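S.K.: Okay, handing you the structure first.
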Amino acid sequence: MPSADVVVIGAGLAGLSAAIAAAESGARVLVLAKGHAATHWGPGGIDVAGIPAALTPREGIRRLADQPGHPYAILGDDVAAAIGWLLPHLAAGGVDYVGDLDTPLQLAPTSIGGTRRAAILPAGQAAALSPWAPGERLVVCGIAGFKDFWPEAISASLSRERIWEGGNRPASVSPVSATLPGLAARHNLNALEIARRFDDPTWRGAAIEAIARAIASAPGSGGRVALPAVLGLREHAAVLAAMRQRLPAVPFEMPLVPPSVPGLRLYAALRAAVVRAGGRVQVGEMIERVESDGRNVTAVVSAAAARSYVVRTGALVLATGGIAGGGLLAERDGRLREPILGLPVEAPAADDWLAVDAFDPAGHPLERAGIRTDAELRPVAEDGTPVFDNVRVAGSLLAGQRSIGERCGDGVALTSGWRAARSLAAVPAGHAAAPGSERP
């Protein structure tokens, strides 16, 4: 029977961060996931705490940590260390990030013609955050035939002062479109196809020349150019470097509708880091059940083609996501259920699930639903006692956060994953798989 020191269920930012940190500590780690997580949907940045009242992520963390029951009340002091630990791993996977907890939260323009507060972004998006100089122009450059990015609509919206909340903004916003080689006759052109083409150096060179000509046709000179987030998948750094060298304006990417190319780059860098550290990742594993001896999980069972795949384990990190990710399921009787371990779920009463105002700035009441833990991230019962000794909960499954409005989901995910692994490193040896046991 295969075994691991730590099994991680979930392959999002929380799960993969936990897997990297656990493998670095010397544990034999196996990640099991039924599918891909929020990395493939998100814009690829690291949202730590983008609340309107905060000037920097560090201030946002402090404010959220003061809220009773928020995950940052436990994790807040570790966020800086967790980010400092993770970013070199991402850089080693070819994805550089710009910004830290003391970088001012700035308004970054989006591909739907709005803005969002951000401070820590991939290098390909980071130019969007620099303050706009007097008279500086923004060119929004689309791709002919690509229907997920409409430069005219984006430019018209970004030309409105209220989109920038009355603050610093470009002096002018102009739309242009570039016709890239071999794409004009394509139907249903998608971001992944274009990104893969940018990985080809020959096609890339011709495409960049076409984009440069389109930008030159816009009024003014210099400034910045917003491009759809398709600038390479595996060769993104090379594409970005070539763009910066050739284009007559400073380029930055605007994330698009899913699947997110920046999110795919982030996932690839995380997975590569797990493998470099000696761990394994298996996606497509439906968890059937978890076995325990009462206080400790002893095995994880997933469905295989003609049998069950059983992995003995010394510890478990549960990073299955919240309601949106399937980590919590709603029952007809108004209860929320955690399907893997049957953990107690903290949630509002069913009558309070739906907000009266769909756009209430305070957020949706159900957002805060999740698993309550102790300071070691062990799931606890209503009286605060741990349900399992060798289980840790991480990511959006943690109760008390409203990650959409608070823009804290990435910070909670990576910090809780990192903290979970460090906590498990202190689990007594008797709760871990035998040192000589078979690797999965």
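The values are calculated or read from the model by the stated rules, or taken from the named source; none is laboratory data. Please read all numbers here as calculations on a predicted model, not as lab measurements. Here the Cβ positions follow ideal geometry from the backbone for every residue, glycine too, while neighbour counts run over all protein chains shown.
S.K.: When the residues of the range 101-123 are filtered to those that are outside any strand (DSSP E or B) and either without any contact (Cβ under 8 Å) to a residue 24 or more places away in the chain or within 16 Å of the chain's Cα centre (by Cα) (or both), which remaining residue is surrounded by the fewest Cβ atoms within 10 Å (Cβ to Cβ)? I'd like the intermediate steps shown before the answer.
M.R.: Taking the range 101-123 first, the residues outside any strand (DSSP E or B) are 101-105, 110-114, 119-120, 123.
Then keep just the ones that are either without any contact (Cβ under 8 Å) to a residue 24 or more places away in the chain or within 16 Å of the chain's Cα centre (by Cα) (or both); that gives 119-120, 123.
Numbers: A119: 29, I120: 23, A123: 17.
Once the filter is applied, the top-ranked residue is A123.
S.K.: Among the residues of the range 266-279, are any buried (at least 21 other Cβ atoms within 10 Å of the Cβ) and outside any helix (DSSP H, G or I)?
M.R.: Within the range 266-279, one or more residues are buried (at least 21 other Cβ atoms within 10 Å of the Cβ) and outside any helix (DSSP H, G or I).
S.K.: Sticking with this one: Filter the range 280-292 down to the residues that are charged (D, E, K, R) and within 21 Å of A22 (Cβ to Cβ), then identify the one that is modelled with the lowest pLDDT.
M.R.: E285
Each row is one residue, and each column tells you yes or no for (1) over 22 Å from T103 (Cα atoms); (2) assigned to a loop (DSSP other than H, G, I, E, B).
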| site | (1), (2) |
| --- | --- |
| A127 | no, no |
| A133 | no, yes |
| L138 | yes, no |
| S155 | yes, no |
| R162 | yes, no |
| A184 | yes, yes |
| H187 | yes, yes |
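S.K.: So, one more: Quickly run through the range 302-361 and pick out the residues that are surrounded by 15 or more Cβ atoms within 10 Å (Cβ to Cβ), of a type in the set (D, E, K, R) and farther than 22 Å from E285 by Cα.
M.R.: E346
S.K.: Just checking, does the range 227-250 include any residue being of a type in the set (S, T, N, Q) and assigned to a helix (DSSP H, G or I)?
M.R.: Checked against the condition, which is being of a type in the set (S, T, N, Q) and assigned to a helix (DSSP H, G or I), the range 227-250 yields at least one hit.
S.K.: Follow-up. Please go through the range 154-176 and give me each residue that is crowded, with 20+ Cβ neighbours inside 10 Å and small (G, A, S), ordered by number.
M.R.: Those that are crowded, with 20+ Cβ neighbours inside 10 Å and small (G, A, S): S155, S174.
S.K.: Further, regarding this structure: Answer yes or no: is there a residue in the range 397-407 that is surrounded by 15 or more Cβ atoms within 10 Å (Cβ to Cβ), at pLDDT below 95 and farther than 29 Å from T56 by Cβ.
M.R.: The answer is no; no qualifying residue exists.
S.K.: Of all residues in the range 282-324 being more than 13 Å from S3 (Cα to Cα) and basic (K, R), which is farthest from the chain's Cα centre (by Cα)?
M.R.: Going through the qualifying residues, I end up with R307.
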